[in-house]
1. Name the residue that is nearest to the chain's Cα centre (by Cα), counting only residues in region 68-86 that are open to solvent by 10 Å² or more (accessible area, probe 1.4 Å) and touching a residue at least 60 places away in the same chain (Cβ under 8 Å).
2. Which is open to solvent by 80 Å² or more (accessible area, probe 1.4 Å) and either over 16 Å from Arg91 (Cβ atoms) or at pLDDT 90 or above (or both), of Ala26, Ala4?
3. Does region 62-75 contain any residue that is under 20 Å from Ala165 (Cα atoms) and in contact with a Phe, Trp or Tyr (Cβ under 9 Å, 6 or more places away or on another chain)?
4. Only one residue in Leu168, Leu193 is open to solvent by less than 30 Å² (accessible area, probe 1.4 Å) and either of a type outside the set (Val, Ile, Thr) or modelled with pLDDT of 75 or more (or both). Which one?
Amino acid sequence: MTDAGAGADTTASSSARTPTDEQLLAAHIGGDPRAFGRLIRRHQNYLWAVARRSSHSSEDASDALQEALLKAHRNAGGFRADAQVRSWLHRIVVNCALDRVRHNTLRHTVPIPEFDTPALADPRDATAEIDTRLAVDHALQTLPADQRDAVVAVDVEGYSVTDAAAMLGVPTGTIKSRCARGRAKLALALGHLREPDDIGPGGNPSVPVGV
């Protein structure tokens with residue numbers, strides 16, 4: 001007969017031997033050559049999904065993910081304990097995908113968010129579309145990191161507010177407020193791209209803020 005107490009002790013011991021994400025990252029920073037690989041294997045499917053959603057093609061996603069993992073490996077010492085490790089990795093992957101937009105005008109890794117998309121004068125004008133997409137990417141890069149993370153998660157990657165909150169480790173109300181502030185800043189930054197009819201009284205761009 002198996003002793004119930006012994007079984008509980010075995011379960012507790014097994015749990016204790018499974019390091020948390022934070023412990024693995026700390027071990028990597030401390031010089032453990034295997035810790036980072038264990039951490040990435042734990043989240044590789046999730047990180048690939050993030051890269052793929054933020055990219056135009058599998059090739060771009062693969063390149064962005066590879067670059068992100070190299071940055072995370074090298075800059076692990078900059079991780080702040082007030083964030084979740086997965087959120088930190090998510091941010092690096094998204095930023096690498098956005099960087100590829102800025103340096104590649106023929107392939108676009110991020111679609112234009114609907115909340116601030118100016119109407120193009122000629123929808124058939126591919127050059128104007130490229131310029132617009134690059135302007136949107138540049139505007140996203142000017143946002144504070146917390147606002148950019150929320151806007152990208154909800155408006156670019158298509159997560160619900162609830163899912164974005166769980167992913168970034170903050171309350172849903174925080175996601176809503178960060179999105180609202182980020183959208184307002186983007187509307188101002190991209191007002192020069194709008195048609196004259198969209199300019200409100202006093203010369204201010206009347207750009208609707210999304211929900």
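1. So in region 68-86, the residues open to solvent by 10 Å² or more (accessible area, probe 1.4 Å) come out as 69-71, 73-75, 77-84, 86.
From what is left, the residues that are touching a residue at least 60 places away in the same chain (Cβ under 8 Å) are 83-84, 86.
Numbers: Ala83: 14, Gln84: 13, Arg86: 11 Å.
So the residue we want is Arg86.
2. Values: Ala26 fails: open to solvent by 80 Å² or more (accessible area, probe 1.4 Å).
Answer to the check: Ala4.
3. Going residue by residue through region 62-75, those that are under 20 Å from Ala165 (Cα atoms) are none.
No, region 62-75 contains no residue that is under 20 Å from Ala165 (Cα atoms) and in contact with a Phe, Trp or Tyr (Cβ under 9 Å, 6 or more places away or on another chain).
4. Working: Leu193 fails: open to solvent by less than 30 Å² (accessible area, probe 1.4 Å).
Residue meeting the stated conditions: Leu168.
The values are calculated or read from the model by the stated rules, or taken from the named source; none is laboratory data. Only a predicted model underlies this, so the values are computations on that prediction, with no experimental measurement involved. Because the Cβ atoms are built from the backbone with ideal geometry, glycine has one as well, and the counts that use them run over all protein chains shown. Areas reflect the complete protein model, heavy atoms only, side chains present, ligands, DNA and RNA absent. Shrake-Rupley method; radii C 1.70, N 1.55, O 1.52, S 1.80 Å.
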